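S.K.: Structure below; questions to follow.
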């Protein structure tokens, strides 16, 4: 069951995840989703996005949604203005980067690393490389090794279609790295490792501080376990219909799937009434 909620909750800011929430499985931003965000603007409610995507992977959303609020890329690893000037960046310490890469390889997952503007892989034909290129609208740089790229890493991703291996790697990484990093699955086949302050709970907290909006006046939408930390801090939370039962149980409300205009319906029903 969803959490109890006060239907009179004032909402001044809506923060949405992107993949699995705002866009369709084909990474399309629908007309109804754009119209819903415009209705928020018309009601003087700010709208912000956060995602594990790199900054360049968020760029195509700025103009259609007329974004005005800061953007939380890399799950808060980098905060940017809508003109993509950097507000702040949280990079992983090099020793954490090295240990994280080692843990991922121990579980036979592919390793991707991201710096502020660049994405690096070792196999251009590796699992989900084409999918990710289509999602973020740019291709990775292929390198033989990561030896010269271990400083200023903002995100590391473990990738595999062995979903059980990804889950086991998540648990092992969380145990090994503890509070030195944030490690969680952004998709069943992606394990994202970022700075400990780079998680979606921190995104909501920082947006509250930057925009001077109380946490109680923030509504959040998401679909994955890494969205739950922002559910826990916001005054209202909405889980997508395509999310797991566990994620839905930790939200105030549940909307329809991202294949059924769930994002737009949530804005219309729960935010704008």
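S.K.: Tell me, yes or no, whether the range 67-81 has at least one residue that is surrounded by fewer than 19 Cβ atoms within 10 Å (Cβ to Cβ), farther than 27 Å from residue 163 by Cα, at pLDDT below 95 and assigned by TED's automatic domain parsing to the domain that holds residue 23.
M.R.: Step one: filter the range 67-81 for residues surrounded by fewer than 19 Cβ atoms within 10 Å (Cβ to Cβ), giving 68-69, 81.
Pick out the ones that are also farther than 27 Å from residue 163 by Cα and you get 68-69, 81.
Add one more test, that the residue is at pLDDT below 95, and what stays is none.
Scanning the range 67-81, I find no residue that is surrounded by fewer than 19 Cβ atoms within 10 Å (Cβ to Cβ), farther than 27 Å from residue 163 by Cα, at pLDDT below 95 and assigned by TED's automatic domain parsing to the domain that holds residue 23, so the answer is no.
S.K.: Continuing with the same structure: Within the range 158-169, does at least one residue satisfy the condition of being in contact with a strand residue (DSSP E or B) (Cβ under 9 Å, 6 or more places away or on another chain) and free of Cβ contacts under 8 Å to residues at least 24 places away in the same chain?
M.R.: yes
S.K.: Within the range 217-240, is even one residue out of contact with any helix residue (DSSP H, G or I) (no Cβ under 9 Å at 6 or more places or on another chain) and either under 30 Å from residue 107 (Cβ atoms) or assigned by TED's automatic domain parsing to the domain that holds residue 73 (or both)?
M.R.: Taking the range 217-240 as the starting set, the residues that turn out to be out of contact with any helix residue (DSSP H, G or I) (no Cβ under 9 Å at 6 or more places or on another chain) are none.
The answer is no; no qualifying residue exists.
S.K.: Continuing with the same structure: Test residue 123 against the stated conditions and say whether it is assigned by TED's automatic domain parsing to the domain that holds residue 174, on the phi < 0 side of the Ramachandran plot and not in a helix (DSSP H, G or I). Let's see the steps before the verdict.
M.R.: Working: assigned by TED's automatic domain parsing to the domain that holds residue 174: yes; on the phi < 0 side of the Ramachandran plot: yes; not in a helix (DSSP H, G or I): yes.
Considered against the rule, which asks whether it is assigned by TED's automatic domain parsing to the domain that holds residue 174, on the phi < 0 side of the Ramachandran plot and not in a helix (DSSP H, G or I), residue 123 comes out as yes.
S.K.: Counting just the residues of the range 111-120 that are out of contact with any helix residue (DSSP H, G or I) (no Cβ under 6 Å at 6 or more places or on another chain) and under 17 Å from residue 145 (Cβ atoms), which one comes out surrounded by the most Cβ atoms within 10 Å (Cβ to Cβ)? Show your work before the answer.
M.R.: Step one: list which residues in the range 111-120 are out of contact with any helix residue (DSSP H, G or I) (no Cβ under 6 Å at 6 or more places or on another chain), which gives 112-120.
Restricting the remaining residues to those that are under 17 Å from residue 145 (Cβ atoms) gives 112-115, 118-120.
Numbers: 112: 24, 113: 24, 114: 26, 115: 17, 118: 14, 119: 21, 120: 17.
By that ranking, first place goes to 114.
S.K.: Are there strands (runs of 3 or more DSSP E) fully within the range 1-111 with at least 2 residues that are touching a residue at least 60 places away in the same chain (Cβ under 8 Å) and within 20 Å of the chain's Cα centre (by Cα)? List them. It would help to see each step written out before you state the result.
M.R.: Numbers: elements: 13-16, 46-49, 71-73, 78-80, 86-89.
Answer list for the range 1-111: 13-16, 46-49, 78-80, 86-89.
S.K.: Go over the candidates 209, 261 one by one and state the one that is more than 16 Å from the chain's Cα centre (by Cα) and without any contact (Cβ under 8 Å) to a residue 12 or more places away in the chain.
M.R.: 209
S.K.: Being under 15 Å from the mean Cα position of the chain (by Cα) and closer than 21 Å to residue 71 by Cβ narrows it down to one residue among 203, 247; which is it? Full working, then the answer.
M.R.: Details: 247 fails: closer than 21 Å to residue 71 by Cβ.
So the residue among 203, 247 that is under 15 Å from the mean Cα position of the chain (by Cα) and closer than 21 Å to residue 71 by Cβ is 203.
S.K.: Do any residues in the range 126-138 that are outside the structural domain of residue 53 (by TED's automatic domain parsing) have Cβ atoms under 7 Å from those of residues that are assigned to a loop (DSSP other than H, G, I, E, B) and surrounded by fewer than 17 Cβ atoms within 10 Å (Cβ to Cβ), where the two are at least six apart or on different chains, and which pairs are they?
M.R.: 127/161; 133/139; 134/27; 135/27
S.K.: If you don't mind, another one. Evaluate the range 52-63: report whether one residue or more is touching a helix residue (DSSP H, G or I) at 6+ places or on another chain (Cβ under 9 Å), surrounded by 17 or more Cβ atoms within 10 Å (Cβ to Cβ) and farther than 24 Å from residue 91 by Cβ.
M.R.: No, there is no match, as no residue in the range 52-63 is touching a helix residue (DSSP H, G or I) at 6+ places or on another chain (Cβ under 9 Å), surrounded by 17 or more Cβ atoms within 10 Å (Cβ to Cβ) and farther than 24 Å from residue 91 by Cβ.
S.K.: For the range 189-267, list the strands (runs of 3 or more DSSP E) that sit wholly inside it and hold at least 1 residues that are farther than 14 Å from residue 15 by Cα; which are they?
M.R.: Hits in the range 189-267: 190-194.
S.K.: If I ask for residues that are surrounded by fewer than 19 Cβ atoms within 10 Å (Cβ to Cβ) and touching a residue at least 24 places away in the same chain (Cβ under 8 Å), which ones from the range 179-195 would you list? Full working, then the answer.
M.R.: Taking the range 179-195 and keeping what is surrounded by fewer than 19 Cβ atoms within 10 Å (Cβ to Cβ), we get 179-180, 188.
Answer for the range 179-195, where residues must be surrounded by fewer than 19 Cβ atoms within 10 Å (Cβ to Cβ) and touching a residue at least 24 places away in the same chain (Cβ under 8 Å): 180, 188.
The values are calculated or read from the model by the stated rules, or taken from the named source; none is laboratory data. All values reported here derive from a predicted model rather than from experimental measurement. All Cβ positions, glycine included, derive from the backbone under ideal geometry; neighbour counts span all protein chains shown.
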